[in-house]
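Below is one structure, written out as structure tokens; the observations come after it.
The values are calculated or read from the model by the stated rules, or taken from the named source; none is laboratory data. Predicted model, so just to flag it, every value in this text is computed and none were measured. Backbone-built Cβ (ideal geometry, glycine too); neighbour counts: all protein chains shown.
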Amino acid sequence: MFKKGMINRRIGHVASLFCGIPFHSWQMIHHQHHKWAGWQDIDPTTEQVVPRKLRSFERNIINFCWKLYLPVFSILYRFNNYWNLPRLLRLFPRKKMKIKHTINMTVLLLSYILTSLYLGPVLFLKIFGLSFFLHMIFSDPILLSQHSHIPQHLSSGSKVQPFLPETQDVFTRSIVFPKWISRAILFNFDAHEIHHMFPKVPGYLLPKLNFTGDNQVSWIRWLKESKKIPADVLLFQNRNETGYDF
């Protein structure tokens, strides 16, 4: 938002209060995601959906939630990537980063607890509970649209090189909303292909690049077609295996 990184970081911390995501963990995980996009078992945001045989209760739960629009995926995504302190300490073992993650998470939690105590739990839930729950429901299909069911590579423990940003569009998908929604509400968060190709370009400037991706699909088609597929198929397989191509 500004030229100085220090100001942007402060804004990031303020925004994180409303997002429910610690700023430092988001910053580090998002950086690693862009570095390793395309390598499903290295990218920290996709390693959880590396193809594997699911236990029956896992498959039943995620399929049930996906069918009924229960936002279990957004909840698990946020917790595992941004609130899972043991995992963050393992991914970023430097002492300085360990301290940053721990302090940031603690301050954010205390902020929520103190706000809840000040307002009272009931009023706190009235003000924030429903809106945040609806936000999570809205986020689920957008979140899953970005990389799910698209062929990715597996390193299988081998030493590999990251894919260059300009080649990462093949590993992601963009869903197209009406322009006013995309720009005024989503701040072009839906323009995911070009975001990966030019990760340093702010979202509000992405429309100026005038890019149309091969994996671009309208939001209504994505929602209709993806909901026809069980979540275990959508998440743990890809279009080359199933024939489902959006």
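Taking region 78-107 on its own, how many of its residues are surrounded by 16 or more Cβ atoms within 10 Å (Cβ to Cβ), charged (D, E, K, R) and more than 29 Å from Ile137 (Cβ to Cβ)? So the count comes out to 1.
Would you mind finding the one in Phe187, Phe171 that is of a type in the set (Phe, Trp, Tyr), surrounded by 14 or more Cβ atoms within 10 Å (Cβ to Cβ) and out of contact with any Ser or Thr (no Cβ under 7 Å at 6 or more places or on another chain)?
Numbers: Phe187 fails: surrounded by 14 or more Cβ atoms within 10 Å (Cβ to Cβ).
Only one candidate passes the filter, namely Phe171.
Figure legend. Inter-residue proximity from region 208-224: first residues free of Cβ contacts under 8 Å to residues at least 40 places away in the same chain, second residues assigned to a helix (DSSP H, G or I) and of a type in the set (Val, Ile, Thr), beta-carbon distance below 7 Å, spacing 6+ or different chains. Indicated pairs: Leu209/Ile194; Phe211/Ile194. How many residues are on the phi < 0 side of the Ramachandran plot, in contact with a strand residue (DSSP E or B) (Cβ under 8 Å, 6 or more places away or on another chain) and part of a loop (DSSP other than H, G, I, E, B) when one looks only at region 34-55? Final tally of qualifying residues: 1.
Can you confirm whether Trp39 is surrounded by 16 or more Cβ atoms within 10 Å (Cβ to Cβ) and out of contact with any Ser or Thr (no Cβ under 6 Å at 6 or more places or on another chain)? Spelling it out, it is not the case that Trp39 is surrounded by 16 or more Cβ atoms within 10 Å (Cβ to Cβ) and out of contact with any Ser or Thr (no Cβ under 6 Å at 6 or more places or on another chain). Comparison of Ser158, Ser139, Ser182 shows that the only residue that is small (Gly, Ala, Ser), surrounded by fewer than 19 Cβ atoms within 10 Å (Cβ to Cβ) and in a helix (DSSP H, G or I) is Ser139.
Pro93 satisfies every condition listed in (1) farther than 23 Å from Ser226 by Cβ; (2) part of a helix (DSSP H, G or I) except (2). When region 204-226 is filtered for residues that are exposed (fewer than 12 other Cβ atoms within 10 Å of the Cβ), within 19 Å of the chain's Cα centre (by Cα) and over 15 Å from Phe189 (Cα atoms), nothing remains.
Working only within region 49-63, note down all residues that are under 30 Å from Leu134 (Cβ atoms), surrounded by fewer than 16 Cβ atoms within 10 Å (Cβ to Cβ) and either within 21 Å of the chain's Cα centre (by Cα) or polar (S, T, N, Q) (or both). Glu58, Asn60, listed by residue number. For the structure I just gave you, tell me whether Ile229 is surrounded by 17 or more Cβ atoms within 10 Å (Cβ to Cβ), more than 19 Å from the chain's Cα centre (by Cα) and either modelled with pLDDT of 95 or more or not aromatic (Phe, Trp, Tyr) (or both). Yes; evaluated as a whole, the condition is true for this residue. Within the option set Pro22, Pro71, Pro51, Pro44, being in contact with a Phe, Trp or Tyr (Cβ under 8 Å, 6 or more places away or on another chain) and within 19 Å of Asp169 (Cα to Cα) holds for one residue only, Pro44.
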